[in-house]
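For reference, the structure discussed in these notes is given below.
The values are calculated or read from the model by the stated rules, or taken from the named source; none is laboratory data. Here the structure is a predicted model, which is why all the values come from computation and not from measurement. All Cβ positions, glycine included, derive from the backbone under ideal geometry; neighbour counts span all protein chains shown. Surface accessibility is based on the protein's heavy atoms, side chains included, excluding ligands, DNA and RNA. Shrake-Rupley method; radii C 1.70, N 1.55, O 1.52, S 1.80 Å.
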Amino acid sequence: MPPAIEADELAITFKGGVRALDGVSFAVEPGSVFGLLGPNGAGKTTVVRILTTVLLPDTGRGRVLGHDVVAEAGLVRTLFGLAGQYAAVDETLTGRENLRMVARLNHLRRADAARRADDLLERFGLGQAGDRTLKTYSGGMRRRLDLAAALVAEPGVLFLDEPTTGLDPQSRIDLWGVIDELVTEGTTVLLTTQYLEEADRLARKVAVVDHGRVISQGTPTELKAALGATVLEVGLADEAAARRAAEALAPLGRGMPHLDGKQLELPVDEGPRAAVAALRALDQAGLEPARFALREPSLDDVFLALTGRAAEDRAGADGFPGNGTGDGTQTARRRRGRTRDRSGDGAAVRR
Amino acid sequence: MTAGVLAGRRPGAPGGRLRWVVQDALTMTGRNLIHYVRIPGSLFFSGIQPIMFVLLFRYVFGGAIKLHGGSYANYLIPGIFVQTVTFGAVATSIGLAEDLQKGLVERFRALPMARSALLAGRTLADLVRNVFVVVLITGVGYAVGFRVQTNAGAFIAGLLLILLFAFALSWGFAVIGLSAPDSETAQVMSFPILFPLTFASSAFVPVQDMPGWLQGFAAHQPISVEVGMARSLMLGGPTASDLWQALAWSFGLLLVLVPLAVSRFRHRTT
Ligand SMILES: Nc1ncnc2c1ncn2[C@@H]1O[C@H](COP(=O)(O)OP(=O)(O)O)[C@@H](O)[C@H]1O
Ligand SMILES: [Mg+2]
C-alpha cells in the first residue's frame, strides 16, 4: 500500500536565514499514527504547515494520499483535517457556530453541517457548552473543539501539532483515547510532540527531528532499545565522587553515563535489576549516593543517546523574542525547553 | 467513515468553482457579521459614534461654522454618511490583523474553501454593516432637521454610490490589516490615514474657509469628492461632473486595491 503521508527531502529557509528544514523525509503507513518527536524549534510545525498546504517548501515534495501538496493543493485540502499547535478557533463564535462554519467551508450542506456540529459537540463532551461563546471555554475545551473542527469533514488523514502540550494530565489521557478511536476507524494520524512518552503511547513509528533534520527513525521500541528502557539517576556528594561513580557504574548501562556536575544519568535495560547492581557497585567503590532514582526515559534521553547532547531549544539562537539562550546548566535548559512552549516558537507560528 | 456525511460534501456539484466562491464568501460574511453584533466596540463604532458625530456637529460646532447658504443639518448629513463609512472600514484592517494574529487565517488556508472568501467575507460584511449604518444616519438626520431637497431616487442613488466607495475603501484597509503585525498596530496605522482624509475635507466645513495651502488637497481628495457627489444628489446642484468623479475614485481604488490586497494575502506566509 502506498504511504498515506509522504515527506520527501523537504527543505525551507525562512526570510532572515533560518534553515527550518534541511531535508526531512518520512512516510506514514495508512491507518497508523506517526510521531514527529523533537524539541521546541526542531521544525515540527514547519513540516505540518508544508504538508497541510499552508507553506510552500523551497525544495522537496510532500504527498497526502498520493497527491502533491503543492501542485494539487486544492484537492489535498479536502483530504485532511488539521488541529494546529494553538487552538485556532473563533473566540467570538459559540462552539456550535465554529463547527458549522468549518463544516460549511468544507462544503457540507447546511443541514448536514448542523447535524455534524451537534454530533461532534456530543462526542467531545461539549454538548452543554455548545451555545456558549469560546471566551468562556477552558484551554482543554478549546483544544477539544479545535480537534472536533479538524474532524468535521471526516478526513482520512489527520495532522495534530502538539495536541497535548499545555493540557492537564486528565485531558491528555482523554485526548489519547480519542486518537485511539480514530485510528481504530482507519484514520491516519501525523502527530508532533515533545514527549517521548506520548510518541511511545500512540505512534507506530517515530521520527526524531532536530535542527530541521530527521536524526533517527523507527518504532518506539527500536528507539528505546537504542536508549535503554529506564534511566538511572544518581546524585553524589561532589563532582569528584560523581566521576568515580560514573566509572563504577559504566559497565551496567547501555553506553556511557552522562555526567552533569554532581549528578549522573545512565540508561539501563532492566531498571530494578540495574538498581540493585548499581547500589552494590557504588558500595564497593565506597560511594554513598545522595540521590538515587529510576525514571522513564524522556526526549532529552533520546537526544543524549542520539547526539550526545541535551535537546536544546534552538529558537533562542534565531533571535525570536522570549528565547534568551541563557547559560544555565543542561538540566535547567531542559526544563525550560519543556515549559516554554507558549513563549518560544509561538511567536513564529501564532500569526 | 459514514457515507451519509461524505455524500453531503459535494466537491463536483454543478455550478462548480464559482458556486463555492460565492458560498464561501457568504459563510465568511456571516461569521464577520456575528462579530459586529457581539463585539461591543464595533457596535459602538458603527452605531453610537455616528449619532454622536451628528449631535456634536449639529449642535456644538455647527453654530460656529459659516455656511454659504442652506441649513447646516442639510450640509452636515451627506458628510456624516461618508465620514462614518470611512471610519467603519477600519474594522476590516483590525479584523484581518486579528485573524492573522490568532492563527485563524492559517486554519482557513488549510480548508478546502475558496481562497478569496477571507477577504471578500470581510469587505462584504463591511458593506452589509454600512447599509444598516446609512439607514440609521438617515433616521437620525431627519430627527435633527435634515431634509432631502431632490427626490427619493436621487437620495438612494447617493447612498448606493457612498456604499460603493466604502466597499472600495475596505479593500484598502484590508491591505493595511494584512501588512500589520497585530491588530493594535493595524488600528494605529489606520488613523493617520483616516483623520486628514475625513477632517481636511468638505464633510463638515466648507473648503473655501480653510487656509489656502490646504484647499488644494481638501477640495480634490476622494472624501470631498464623495461628499460633493452626495450633496449634489441629495440637495441638488451640478450633478454630472461630481457623479463621474465619485465613480472614477471608487472604481479606480477598487482596481488598485483589490489586486494589492489579494497579493498581500498570497504572500503573507505567517
Ligand atoms: N515564519 C517564520 N519565520 C522565521 N523563522 C521561523 C518561522 N517559523 C518558524 N521559524 C523558525 O524555524 C524553526 C523551526 O520552527 P518550528 O517548525 O515552529 O519548530 P517546532 O514546531 O518543532 O517547535 C525555528 O527555529 C523557528 O524559530
Ligand atoms: Mg511547533
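For this structure, a couple of remarks:
- With respect to chain B, whose longest principal axis is taken over its alpha-carbon atoms, helix B:117-143 is tilted by about 30°.
- 3J(HN,Hα) along the stretch A:19-35, derived from phi through the Karplus expression 6.51 cos²θ - 1.76 cosθ + 1.60 where θ = phi - 60°, amounts to 7, 6, 10, 10, x, 9, 10, 6, 9, 10, 5, x, x, 10, 9, 10, x Hz, with x in place of Gly and Pro.
- What chain A shows is 41 Å² of accessible area per residue, with the surface traced by a 1.4 Å probe over protein heavy atoms.
- Dipole-positive endmost among B:Met229, B:Pro112, B:Ala248 within chain B (Cβ charges, Cα centre): B:Pro112
- Apportionment of accessible area to carbon and sulfur, the stretch B:14-269, percent (1.4 Å): 74 percent
- Accessible area (Å², per residue) of the stretch B:216-270, counting only protein heavy atoms and a probe of 1.4 Å: 49 Å²
- B:Phe191-B:Leu55 FRET efficiency (beta carbon distance; Förster radius 30 Å; 0.05 resolution): 0.85
- When the other protein chains are added to the chain by itself, burial of at least 10 square angstrom of heavy-atom accessible area (probe 1.4 Å, ligands and nucleic acids ignored) affects these residues of the stretch B:110-156: B:Ala110, B:Leu111, B:Pro112, B:Met113, B:Arg115.
- The 1.4 Å probe gives accessible areas that order B:Tyr59, B:Tyr142, largest first, as B:Tyr59, B:Tyr142.
- Interface residues in the stretch A:75-102 - accessible area drops by 30 Å² or more relative to the isolated chain, probe 1.4 Å: A:Arg77, A:Thr78, A:Leu82, A:Ala88, A:Asp90, A:Thr92, A:Leu93, A:Glu97, A:Met101, A:Val102
- Here A:Ala27 and A:Arg123 are evaluated by their C-beta separation; at R0 = 22 Å the FRET efficiency comes out at 0.15.
- Simple spin-label estimate for B:Lys66 and A:Trp176 gives 8.2 nm between the two label positions (7 Å along the Cα-to-Cβ direction from each Cα).
- Dipole in debye (nearest 20) - chain A, about Cα centre, beta carbon charges: Lys, Arg +1; Asp, Glu -1: 800 debye
- Chain B packed on chain A takes about 3600 Å² of accessible surface away from a 1.4 Å probe, both sides summed.
- In this simple spin-label model, placing a label point 7 Å from the Cα along the Cα-to-Cβ direction at both B:Leu43 and A:Arg244 gives a separation of 7.6 nm.
- Debye, to nearest 20: dipole size of the protein assembly as shown, +1 on Lys, Arg Cβ, -1 on Asp, Glu Cβ: 1760 debye
- Carbon + sulfur, % of accessible area of chain A - ligands and nucleic acids excluded, 1.4 Å: 50 percent
- For chain A, the relative contact order is 19 percent, taking Cα pairs closer than 8 Å that sit 6 or more residues apart in sequence and dividing their mean separation by the residue count.
- Estimated vicinal HN-Hα couplings, Hz - the stretch A:42-53 in sequence order (Karplus 6.51, -1.76, 1.60; Gly, Pro = x): 6, x, 4, 4, 4, 4, 4, 5, 5, 5, 9, 6
- Once C-alpha pairs closer than 8 Å and six or more residues apart are averaged by separation and normalised to the residue number of the stretch A:66-126, the relative contact order reads 25 percent.
- Residue of B:Leu253, B:Leu56, B:Leu161 that the Gaussian network model of chain B assigns the largest fluctuation, springs spanning Cα pairs under 10 Å: B:Leu56
- Accessible surface ranking for B:His267, B:His35, 1.4 angstrom probe, highest first: B:His267, B:His35.
- One decimal place: the segment A:Ala285-A:Arg61 gains 75.0 nm when fully extended, by the rule 0.36 nm per residue minus the C-alpha distance.
- Label-point separation, A:Ala229 to A:Thr78 (7 Å along Cα→Cβ), nm: 4.9 nm
- Residue-level accessible surface for B:Trp249, protein heavy atoms, 1.4 Å, Å²: 90 Å²
- Seen against the Cα atoms of chain B and their longest principal axis, helix B:72-88 is set at about 20 degrees.
- Given charges at beta-carbon only (K, R positive; D, E negative), |dipole| of chain B in Debye: 820 debye
- Near A:Val206, the amide H atoms lying under 5 Å from its own belong to A:Gly35, A:Gly218, A:Thr219; only residues 5 or more places off or on other chains count, and H is placed 1.01 Å from N.
- Proximity of backbone amide H atoms, modeled 1.01 Å from N, is registered between A:Leu21 and A:Ile12 at under 5 Å, excluding neighbours fewer than 5 places apart on the same chain.
- 1.4 Å probe, heavy atoms, protein only - residues of the stretch B:92-108 losing at least 40 Å² accessible area vs chain alone: B:Lys102, B:Leu104, B:Glu106, B:Arg107
- Summed over the residues of the stretch B:90-204 and divided among them, the accessible surface reaches 32 Å² per residue at a probe radius of 1.4 Å.
- The heavy atoms of A:Glu247 offer some 140 square angstrom of accessible surface to a 1.4 angstrom probe.
- Note that the stretch A:137-152 has calculated 3J(HN,Hα) couplings of 7, 7, x, x, 5, 4, 4, 5, 5, 4, 5, 4, 4, 5, 9, 3 Hz, one per residue in order, obtained from phi through the Karplus relation 6.51 cos²θ - 1.76 cosθ + 1.60 (θ = phi - 60°); glycine and proline are x.
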